[in-house]
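The values are calculated or read from the model by the stated rules, or taken from the named source; none is laboratory data. Here the structure is a predicted model, which means the values were calculated and not measured. Cβ atoms come from the backbone with ideal geometry, glycine included; neighbour counts cover every protein chain shown. These area figures cover heavy atoms from the full protein model, side chains too; ligands, DNA and RNA do not enter into them. Shrake-Rupley method; radii C 1.70, N 1.55, O 1.52, S 1.80 Å.
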Amino acid sequence: MTSTILRTDFEKSVANYWNTNQNDPVNLRLGEVDDLYHHHYGVGPYDPSVLDGPAETREKRLIAELHRLESAQADLLLDHLGPIQPTDMILDGGSGRGGTSIMANKRFGCEVDGVSISEYQVGFANEQAARRGISDRVRFHFRNMLDTKLESDSRQAIWTNETTMYVDLQKLFGEFSRLLKFGGRYVCITGCANDLAGRRSKAVSKINEHYTCDIHPRSDYFKALAANNLVPINVVDLTEATIPYWQLRAESEVATGIEEAFLTAYQEGSFHYLLIAADRI
């Protein structure tokens with residue numbers, strides 16, 4: 001079964017990265033705040049008071065604030081999915097530990113499927129759904145989001161949250177176009193290279209190497225969307241909004257060293273953080 005899901009050496013290396021980073025303190029420590037586990041970054045200004053106060057509780061305050069910012073990012077994404085009814089079915093492409101899918105079910109009451117090529121992430125997320133008693137409405141599958149095996153025209157909305165840098169965009173948006181109903185909505189939050197900068201900057205290359213990914217230029221997203229009957233209705237530049245998250249994370253004990261590369265790339269303009277919402281026509 002694995003060979004039909006992990007079809008290339010690159011996909012195998014990506015799956016291995018996420019399967020072997022099970023104890024990554026960033027997402028685990030943040031998720032422990034309220035038992036909602038994400039696999040993405042944050043947006044919005046942080047409360048500067050978390051840096052003040054007693055030293056013995058400083059880290060706890062930082063972790064809680066970082067988690068608030070990453071949950072705010074997920075809420076922002078869900079805000080752009082359009083009207084979702086409890087009878088609708090939606091899809092989380094590259095679903096990580098399942099946090100956003102669980103939030104979507106709580107907000108809309110609809111069915112959610114998540115797909116990931118990390119068996120560890122799928123197992124973790126399904127355990128989270130089971131603990132909440134929502135396994136009949138929120139399901140996670142060990143599948144490739146380029147070939148989900150789900151029914152055509154079955155989804156009212158699909159999203160990807162910082163996962164598109166692992167796949168071919170033309171193939172991905174072709175699959176999503178197949179899955180979406182006419183008028184359905186696709187929402188993407190992603191980091192992308194600035195075409196105006198020419199080749200990838202050193203900072204963007206460091207991010208690629210750190211996460212075993214392949215960051216796409218900004219233009220590739222819009223070319224692939226247009227080629228697959230997905231028409232942008234909203235594009236939001238979140239670059240400035242995500243910088244505070246990285247500044248705060250650099251101050252915390254869960255910093256990994258990649259924070260400097262993100263801050264450099266965003267501040268020099270070689271890297272953008274975008275939300276793109278597109279309708280299926």
So Lys171, is it open to solvent by 50 Å² or more (accessible area, probe 1.4 Å), closer than 21 Å to Ile276 by Cβ and touching an Asp or Glu at 6+ places or on another chain (Cβ under 8 Å): no
In the range 27-47, anything touching a Ser or Thr at 6+ places or on another chain (Cβ under 7 Å) and in a helix (DSSP H, G or I) is listed as none
Within the range 178-208, which residues are small (Gly, Ala, Ser) and out of contact with any Lys or Arg (no Cβ under 6 Å at 6 or more places or on another chain)? Gly183, Gly191, Ala197, Gly198, Ser201, Ala203, Ser205
In the range 86-112, the residues that are under 16 Å from Asp153 (Cβ atoms) and open to solvent by 10 Å² or more (accessible area, probe 1.4 Å): Thr87, Asp88, Met89, Glu111
Could you tell me which of the residues Ser201, Ser252, Ser270, Ser219 is exposed (fewer than 15 other Cβ atoms within 10 Å of the Cβ) and polar (S, T, N, Q)? Ser219
Kindly check whether there is at least one residue in the range 73-87 that is of a type in the set (Gly, Ala, Ser) and closer than 22 Å to Ala278 by Cα. yes
Restricting the range 2-26 to residues that are in contact (Cβ under 8 Å) with a residue 60 or more places away in the chain and outside any helix (DSSP H, G or I), the one surrounded by the most Cβ atoms within 10 Å (Cβ to Cβ) turns out to be Leu6
Selection status of Ser177, assigned to a loop (DSSP other than H, G, I, E, B) and surrounded by fewer than 24 Cβ atoms within 10 Å (Cβ to Cβ): no
Residues Ala64, Ala130, Ala74: which one is within 23 Å of Gly191 (Cβ to Cβ) and either touching a Phe, Trp or Tyr at 6+ places or on another chain (Cβ under 6 Å) or not in a strand (DSSP E or B) (or both)? Ala74
